[in-house]
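Accompanying notes for the structure given below.
The values are calculated or read from the model by the stated rules, or taken from the named source; none is laboratory data. Note that the structure is predicted; figures quoted are calculated from it, not measured. All Cβ positions, even for glycine, are placed from backbone atoms using ideal geometry, and neighbour counts span all protein chains on display. All accessible areas refer to the heavy atoms of the entire protein, side chains included, with ligands and DNA or RNA removed. Shrake-Rupley method; radii C 1.70, N 1.55, O 1.52, S 1.80 Å.
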Amino acid sequence: MNIGARTLKTALAVAISVYLCELLHIGPALFAATSAVVCMQKSLGRSFKTALEEITVNVIAIAVAVTLGLLIPIQFLSMALATIILIVFFTKVIKVPNQIVLAVISAIFILASPQDEFLTQATSRSLALLIGLITANVINLTIAPPSYHRSLQAKLIELNNFSAQMLIDAVNRYHYINTITDEEKGKNKAELIMLYQEADSLYDLVRQEWNVTWFGIRKSTGKGHISNDFYKEYKNYCQGIWQRSQDLIFLAEERKARREKANAQTVSPEFDRIFEMLHHVIFSATSYNQQLQLKIKGEKTAPLPELHVWSKLHEIINEWQESKPDNSFYAHALTELSVVTYSIRWFAKESSRLLNME
């Protein structure tokens, strides 16, 4: 059985919280231990900002509990009222619903103080709860703070590989008139959504990370650090690749229907020449994309020349127009090819832009 960082840090938070309560003669120490466990389990990997939010919320909960305990000495009424007030306040007013559980637990612990010495016991219990809360957050933020950057990088590369493969497959489907089934469409879309949601969740965790050393000095991220803005741009880039693959799948279906209606006219040499050129462009764009994956990992990237697509395409289109000047069938094909070409060019241009992005 493996004992992970979460388990060890929780145990350490409990031990230190109880020790501090005994050292300062604050009790019951059980409240500090409970507060430390709940806090650590729900906030592992969260930010310094979230830690301050957590402490502030519980100070409010303590203030509500002490006030109600003094005004309403009947425990079950004061506990019920405190629960209602805290839930409504934290969901409707300051909108931090993720903090409600610990806040309500804190209030109930305080309101359970004996009435004949309520203020003394409430003060002691409040201090015990805060000791556990602060201890857990200090340990969480200073001892082996979790880093989600590598997990996010791996997930983004997985998302990128899937999206890029879908685009390449879509280009080939259009070229060879190989349409996709509805079942395959659904399966691919489900996988894309899953990968994107997982990347989105990791991105949120990365944005919340606050890696610190002792005395609150933030850790250096070091050479090759990727900014959160770049991660966001890369996610959008992968989504853009996917969207263009879906556009080309639709064009493949349109081309198949058009050719069947025209009794599958012979494919012109110019069409084959355009696709020969486009396959070279895809190969180059894939090289750009691979360099971009290296950048995501924080590795060194190689400079790549800018792709020139339209100038080569212009020559072939002129020849094509001369041989088929009045044929609407080929005019439709030319329109579709412009969309295919633009999609591939966008793939290359966006990867090049992101490679140069700071």
Any idea which residue in segment 62-74 is farthest from ALA107 (Cα to Cα), counting only those that are surrounded by 15 or more Cβ atoms within 10 Å (Cβ to Cβ) and in contact with a Ser or Thr (Cβ under 9 Å, 6 or more places away or on another chain)? ILE72
Hits in segment 47-57 (condition: open to solvent by less than 50 Å² (accessible area, probe 1.4 Å) and at pLDDT below 85): SER47, THR50, ALA51, GLU54, ILE55
SER124 vs (1) within 18 Å of GLU22 (Cβ to Cβ); (2) open to solvent by 60 Å² or more (accessible area, probe 1.4 Å): all pass except (2)
Kindly indicate whether any position in segment 94-114 is exposed (fewer than 15 other Cβ atoms within 10 Å of the Cβ), of a type in the set (D, E, K, R), assigned to a helix (DSSP H, G or I) and out of contact with any His (no Cβ under 8 Å at 6 or more places or on another chain). no
Just one listed residue, out of GLU270, GLU350, is within 27 Å of LYS232 (Cβ to Cβ), crowded, with 19+ Cβ neighbours inside 10 Å and either in contact with a helix residue (DSSP H, G or I) (Cβ under 6 Å, 6 or more places away or on another chain) or modelled with pLDDT under 80 (or both), and it is GLU350
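Mind counting the residues in segment 193-219 that are part of a loop (DSSP other than H, G, I, E, B) and modelled with pLDDT under 60?
Initial filter on segment 193-219 (part of a loop (DSSP other than H, G, I, E, B)): 209-211, 213, 217, 219.
In the following step, the residues that additionally are modelled with pLDDT under 60 were identified as 210-211, 213, 217, 219.
Selection size over segment 193-219: 5.
How about segment 171-189: which of its residues are over 22 Å from GLU260 (Cα atoms) and open to solvent by less than 60 Å² (accessible area, probe 1.4 Å)? Please lay out each step first, then the result.
Of all residues in segment 171-189, those over 22 Å from GLU260 (Cα atoms) come to 183-189.
GLY186, ASN188, listed by residue number.
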Spot the failing condition for ARG150; the list is (1) open to solvent by 20 Å² or more (accessible area, probe 1.4 Å); (2) touching a residue at least 12 places away in the same chain (Cβ under 8 Å), and only one is missed. (2)
Quick check: anything in segment 128-136 in a loop (DSSP other than H, G, I, E, B) and touching a Ser or Thr at 6+ places or on another chain (Cβ under 9 Å)? no
Which ones in segment 220-261 are surrounded by 12 or more Cβ atoms within 10 Å (Cβ to Cβ) and at pLDDT below 80? THR221, ILE226
Of the residues LEU23, LEU12, only one is among the hydrophobic types (A, V, I, L, M, F, W, C), at pLDDT 90 or above and either touching a strand residue (DSSP E or B) at 6+ places or on another chain (Cβ under 6 Å) or under 13 Å from ASN137 (Cα atoms) (or both); which? LEU12
Scan segment 300-310 and give yes if some residue there is at pLDDT 80 or above and of a type outside the set (Gly, Ala, Ser), otherwise no. yes
Within segment 274-302, track down each residue that is open to solvent by 30 Å² or more (accessible area, probe 1.4 Å) and under 22 Å from ASP169 (Cβ atoms). GLU276, HIS279, HIS280, PHE283, SER284, THR286, SER287, GLN290, GLN291
State whether the residues of segment 317-339 include one that is assigned to a helix (DSSP H, G or I), of a type in the set (A, V, I, L, M, F, W, C), modelled with pLDDT of 80 or more and open to solvent by less than 20 Å² (accessible area, probe 1.4 Å). yes
Could we say that PRO145 is open to solvent by 30 Å² or more (accessible area, probe 1.4 Å), at pLDDT below 90, more than 29 Å from SER338 (Cβ to Cβ) and not acidic (Asp, Glu) here? no
